[in-house]
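Everything on this sheet refers to the single structure shown next.
The values are calculated or read from the model by the stated rules, or taken from the named source; none is laboratory data. From a predicted model like this one, the values you see are computed outputs, not experimental measurements. Here the Cβ is made from the backbone with ideal geometry for all residues, glycine too, and neighbour counts use every protein chain on show. Keep in mind that these areas ignore ligands, DNA and RNA; they rest on the heavy atoms of the full protein, side chains included. Shrake-Rupley method; radii C 1.70, N 1.55, O 1.52, S 1.80 Å.
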Amino acid sequence: MIVIDGVIWQSGGFFRSPALDQSYLWLSLIEEWVKAKKATQFVVLTRGQTWLPPGTFFSEIPRFSFEEAAEDRTGLQSVCDQLEARLFLSTGYTTPLSTPSIAFVYDLEAEAGSQFSSEYLEKKNAILAASHYIVFSDEVLAGLRTYYPGIPPDQISLVYPAIEGWAKPAAPDAMAEFRRKFQLTRPFFLAVLPEHLADYRGIQAVSQAWEILQGQKLSRTELVFAFPTPLQVDPIRAQLPQREGIRYLSLSNPELACAYSSALALIFHATFRPSSLLEAMACGCPVVHYREGQGSVAQKEEAAALLCQGSLQELANALERIQSYPVRSPLIAKGLEQAKELSWSTVAAKIWEIFDRVAPPRKESAEKATAR
């Protein structure tokens, strides 16, 4: 039996990530596992009223509090023992005393903050106790290796989250209407900002590189920063870069699909919306993936994106290069191909394969093997 602690569904839930919607992620995974007839192989521990996909087995346990974290670990271990759990998973960062566990690492916000906060200490405890780790982005993978260098690479699995159904190439008439609505008369680059914007490094870097491109090539392009609807941001009050040609738009998902489909390229940075890289690929939009670095590092194609690491001049050069057909066309084709593999059923199956690989063998199987 696999035991899943649904702690993030506790009202006023803990361990919520600004980078990934854990609730949607877990409900989607659970729904796919039920469809795949695996419902009898896992149980969800609820800590309050929670909607779960029909057919899910669940059990109510006491609510979590940081003040009683030690007692919570003891209680989780008792539940795992009663259910003869082979593996423990948490939607947050709770952990039992001894049952093997997989830590789902959504972001590294706690590590970047106070090392004495209750949330950081519980998260660190859960990570150090885990026997395997699942991350959902390249940035979190790199960060996990930085903050926890003792974790062997073969104990970390990178699984990209599924792409939503709305993320697909937009129809020509929809793109034309989108351009008319937002008065986008020039070719434009796109960057998609997260719902909770706390780090402005990416905005500053991208806007400065775009200005370099404008100056050196007399380029007549625009730079669009998109916010998710219904988030409304006043760029002036938020002290965001102001210049002719830089736009800030609040877009719905269908409008975002039109933006991806119409853009010269998506510019992706670690501080931007994590899912935008894959959403852009699904819409046929080439991607420039920018990472800050020391010195000038040659641009190269990595997976389905043009990776650019180095100075702002390097990023400006990448924005120029991505406009040429011989560069953008193969990236678009690779992105569309990669997007086909990212349905929820495929992602759920990949994660379940990790469970089967990591979990100790069932007692019945072990006893039969011993008897032989």
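Peptides 129-142, 197-210 ordered by packing proxy, namely the average of other Cβ atoms within 10 Å per residue, highest first: 129-142, 197-210.
With both residues required to sit in the range 31-139, DSSP beta bridges show an antiparallel share near 0%. Residue-wise HN-Hα couplings along the range 38-53, as the Karplus relation 6.51 cos²θ - 1.76 cosθ + 1.60 with θ = phi - 60° gives them from phi, are 10, 4, 7, 9, 8, 9, 9, 8, 9, 10, x, 5, 9, 7, 10, x Hz; Gly and Pro carry x. For the cross-link pairs Lys123/Lys334; Lys124/Lys350; Lys38/Lys123, which exceed 31 Å when the distance is taken from alpha carbon to alpha carbon? Beyond 31 Å: Lys123/Lys334. Per-residue Karplus couplings for the range 105-112, computed as 6.51 cos²θ - 1.76 cosθ + 1.60 with θ equal to phi - 60°, are listed in order as 9, 8, 7, 10, 4, 5, 5, 7 Hz, Gly and Pro entered as x. For Glu68 and Asp154, the FRET efficiency from 1/(1 + (r/R0)^6), where r spans their Cβ atoms and R0 equals 45 Å, is about 0.80. Note that the chain presents 47 Å² accessible area per residue, ligands and nucleic acids not counted, probe 1.4 Å. Quote the FRET efficiency, to the nearest 0.05, computed for Leu121 versus Thr229 with a Förster distance R0 of 30 Å and r equal to the Cβ-Cβ distance. Efficiency computed from Cβ-Cβ geometry: 0.25. Full extension of the chain between Ser345 and Ser252 yields a length gain of 31.0 nm, computed as 0.36 nm times the residue separation minus the alpha carbon distance.
At a 1.4 Å probe, what is the % contribution of carbon and sulfur to the accessible area of the chain? Carbon with sulfur: 53 percent of the solvent-accessible area.
Annotation for Glu353 and Ser131: the two label points, set 7 Å from Cα along the Cα-Cβ direction, are 2.0 nm apart. With each label modelled as a point 7 angstrom along the Cα→C-beta vector, the Lys181-Phe57 pair spans 4.7 nm.
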